[in-house]
1. Report, in debye and to the nearest 20, how large the dipole of segment 7-123 comes out about its Cα centre when Lys and Arg carry +1 and Asp and Glu carry -1 on their Cβ.
2. In nm, what is the difference between 0.36 nm times the number of residues separating residue 75 and residue 187 and their Cα-Cα distance?
3. What's the ranking of 250-260, 200-210 by average number of surrounding C-beta atoms within 10 Å, highest first?
4. Explain nothing, just the number: dipole magnitude of segment 111-220 about its Cα centre with +1 on each Lys and Arg Cβ and -1 on each Asp and Glu Cβ, in debye rounded to the nearest 20.
5. Mind putting a number on the dipole of segment 131-292 about its Cα centre? Charges go on the C-beta only, +1 for Lys and Arg and -1 for Asp and Glu, and I need it in Debye to the nearest 20.
6. Under a 5 Å amide H to amide H cut-off, with H placed in plane at 1.01 Å, what residues pair with residue 191 once short-range neighbours are removed?
7. Please report Rg over Rh for the chain, where both radii come from the alpha carbon positions and Rh follows the Kirkwood definition.
8. On the protein heavy atoms, probe 1.4 angstrom, tell me the percent of accessible surface of segment 7-123 carried by carbon and sulfur.
Amino acid sequence: ERDSLDTIWMNGEFVDWDDANVHVLSHGLHYGTGIFEGVRAYDTQEGTAIFRWEDHLDRFFQSAKPYDMEIPFSREELTEATLETVRRNDLKSCYIRPIAYYGYKSLGVSPGDCPTDVTIAAWPWGAYLGEDALKNGIDVMVSSWRKHASSQIPTNAKTTGLYVNSLLAGEEARRNGYQEAIVLNKEGNVAEGPGENIFMVNDGEIYTPGLSESILDGITRDAVITLAEERGYEVHDNVSISRGQLNTADELFFTGSAAEVTPIKQVDNVTIGEGTRGPVTEDLQQAFFDLVERETDAHDDWFTYL
Ligand code: PMP
């Protein structure tokens, strides 16, 4: 809930937070036909900076493709709208949510002549799973829900409808006293979290499921792979990870724009490693936060400054 003075960009105009409404017969509401992004801007030494905005924009446009959705704004217009949204709301660090969805016109499953509505909102959002999670790690449960296979629905598109599966998995975990879920793919291998990619560390080497495991091609995943390789780690980013390997891993952690780099300390009540944030996880987490807070000048091209 935000202040009514806050403003949201909707289809080219800024509207008050409380007036940013949609018609109840919007196509996207009925059929999950929206595509969206979750992006963070950090309060850095150089001012507010959006992390990997261009990559989020790329994925935004890619996500629209399987649904034949034409985004009626250019990259430049969306960038300017986003920067202006952050500025007008006086945000130093924030979460940014661009979304495009089939709007209100007709309610056949075929979107027909429904417009594509586009909105960008931004608000302050601290550590997704809590500050303690970043430091001490979380307890996760392997969900009894499998992830939809990429042969059933494009898992590389960040589509609103997909998150029904994320909700089922995450809420099942929380009902059972865990903080988050791990979701297996249709083959029974480890896919990802409800809103996170997953990494495993064994003997100092790093493993993460490949893109053919029905995962989202995470931008934080990519950043962490790059940072790890720069630090001399061997990274295997195209593997299958079986469920049993979770239990025997030296370290596990999640990555995501919201979750950042979150250690996992237990899976199904089995302690991972020492049951604390492992040394490789800590090293990469430090590298990640040094990067996004611009404590280093590396990868400056990953940042869009306000
Ligand atoms: N997997 C899923 C299902 C997600 O929703 C997210 C969050 N966008 C991720 C992985 C992580 O992706 P990113 O690092 O680009 O936020």
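1. With Lys and Arg at +1 and Asp and Glu at -1, about 340 debye.
2. That works out to 36.6 nm of additional length.
3. Working: 250-260: 24.5, 200-210: 18.3.
Per-residue mean Cβ counts within 10 Å order the peptides as 250-260, 200-210.
4. Details: 7 positive and 15 negative charges, 51 e Å.
In debye, rounded to 20, segment 111-220 gives about 240.
5. It comes to approximately 720 debye.
6. Those lying under 5 Å, H to H, from residue 191 are 183, 184, 185.
7. On the way: Rg = 19.4 Å, Rh = 20.1 Å.
A ratio of 0.97.
8. 49 percent
The values are calculated or read from the model by the stated rules, or taken from the named source; none is laboratory data. Source: prediction; values computed, not measured. Glycine also receives a Cβ, built like all others from the backbone with ideal geometry; neighbour counts cover every protein chain displayed. In case anyone asks, the SASA skips ligands and DNA or RNA and just uses the protein heavy atoms, side chains included. Shrake-Rupley method; radii C 1.70, N 1.55, O 1.52, S 1.80 Å.
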